[in-house]
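*Asks:* Got a structure for you, written out below as structure tokens; questions coming shortly.
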Amino acid sequence: MNIIKIIEYVFLGIIQGFTEPIPISSSGHLLIFKNLFKFDMLNDINFEIVVNFGSFIAILLLYRKEIFKIIKDFFTFIKTKNDKCKENYKYAWLIVIGTIPAGLFGVIFKDKIDAVSDNVKLVGIALLITALALFLIKDFKGKKEKKEITIFDSIIIGLFQVAALFPGISRSGATIVGSMSRDLKRQTAVNYSFMLYLPISLATMALGVKDLIQTPGINSLILPYTLGMIASGVITYFSAKWFINIMKKGKLGYFSIYCLIVGILVILFL
């Protein structure tokens, strides 16, 4: 594989890394850039799984202390019923519950979703939907803290995450809109959104490992895949930190405008 093709994979890894944490759809932008620059990518779905795993590692590192505490408190509460651990015990189950809708829907309708995953016009329409959703909640502040999230809240937010299975609908955007609609505070919403991303991302990678290993010519793709994954992970880490600060300031309106402009351009010109 020549150096130009390797650069293409790294470039798309950077695009994935920057767009994954923010509410503008990483899968949609990968498709847009592949169409815009006429990239002839091999095994697109496998590559997306690999760079998504890079983003997973980045979010895992970013939230490592909180994740460790959640896991520790979860098992401590099971063993001791210590009230100090109850909040994180409940939160762990809320993450599981919030993940179930997208997990079930993804498994049941995988073939149908894959069939439309390369339709760039649908990405444009989905970006317009994302723009509208972000505009509607851009001024919401919310009142609920982490400890006040209910099972019903997690189900509703999980259903919002289902929409993100379609290219162009941002996963972080969908879960944040769902969270804000359930009156979660901005910081609580973004944290829960990233927590829901982790099991979905891990499951996607686990389900794709078999196909990845059996990919014809996989040996020639190891280097570009690895470089793309590293690029995705590094950029995701800093993009996520930046987005968390944006959420604190309540500047979601900028992303709404961006999705509106890009969605219109995609529909008209791609």
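Matching residues to (1) within 30 Å of Leu260 (Cα to Cα); (2) modelled with pLDDT under 95; (3) not hydrophobic (A, V, I, L, M, F, W, C):
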position	(1), (2), (3)
Gly168	yes, yes, yes
Val190	yes, no, no
Val209	no, yes, no
Ile222	no, yes, no
Ser232	yes, no, yes
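*Asks:* Turning to a different aspect of this structure: Identify all residues within the stretch 49-106 that are closer than 30 Å to Gly228 by Cα, of a type in the set (A, V, I, L, M) and either without any contact (Cβ under 8 Å) to a residue 12 or more places away in the chain or not in a helix (DSSP H, G or I) (or both); write none if there are none.
*Replies:* Answer for the stretch 49-106, where residues must be closer than 30 Å to Gly228 by Cα, of a type in the set (A, V, I, L, M) and either without any contact (Cβ under 8 Å) to a residue 12 or more places away in the chain or not in a helix (DSSP H, G or I) (or both): just Leu104.
*Asks:* Output the residues belonging to the stretch 222-242 that are among the aliphatic types (A, V, I, L, M) and buried (at least 21 other Cβ atoms within 10 Å of the Cβ).
*Replies:* Within the stretch 222-242, Met229, Ala231, Ile235, Ala240 qualify.
*Asks:* Check Thr215 against each of (1) among the polar types (S, T, N, Q); (2) in a helix (DSSP H, G or I); (3) over 24 Å from Ile97 (Cβ atoms) and name the one condition it does not meet.
*Replies:* (2)
*Asks:* Taking the condition out of contact with any Lys or Arg (no Cβ under 6 Å at 6 or more places or on another chain), farther than 24 Å from Ile244 by Cα and in contact (Cβ under 8 Å) with a residue 24 or more places away in the chain, does Asn46 pass?
*Replies:* When the stated conditions are applied, Asn46 passes them.
*Asks:* Within the stretch 40-79, work out how many residues are at pLDDT 95 or above and β-branched (Val, Ile, Thr).
*Replies:* The total comes to 7.
*Asks:* Further question: Would you tally the residues in the stretch 66-115 being surrounded by 14 or more Cβ atoms within 10 Å (Cβ to Cβ), more than 30 Å from Asn46 (Cα to Cα) and of a type in the set (A, V, I, L, M)?
*Replies:* 1
*Asks:* Please pick out the residue among Leu127, Leu159, Leu132 that is crowded, with 19+ Cβ neighbours inside 10 Å and either of a type outside the set (Val, Ile, Thr) or at pLDDT 95 or above (or both).
*Replies:* When all the criteria are applied, what remains is Leu127.
*Asks:* Which one of Ile222, Ile261, Ile235, Ile230 is under 19 Å from Leu12 (Cα atoms), assigned to a helix (DSSP H, G or I) and free of Cβ contacts under 8 Å to residues at least 12 places away in the same chain?
*Replies:* Only one candidate qualifies: Ile222.
*Asks:* Next question. Do we find a residue being in contact with a Pro (Cβ under 9 Å, 6 or more places away or on another chain) and either part of a helix (DSSP H, G or I) or closer than 14 Å to Ala102 by Cα (or both) anywhere in the stretch 197-207?
*Replies:* yes
*Asks:* Pick out the one residue from Leu128, Leu165 that is within 30 Å of Leu270 (Cβ to Cβ) and outside any helix (DSSP H, G or I).
*Replies:* Answer to the check: Leu165.
The values are calculated or read from the model by the stated rules, or taken from the named source; none is laboratory data. Computed from a predicted model, the values in this text were never measured in an experiment. No Cβ is skipped: glycine too gets one built from the backbone with ideal geometry, and neighbour counts run over all protein chains shown.
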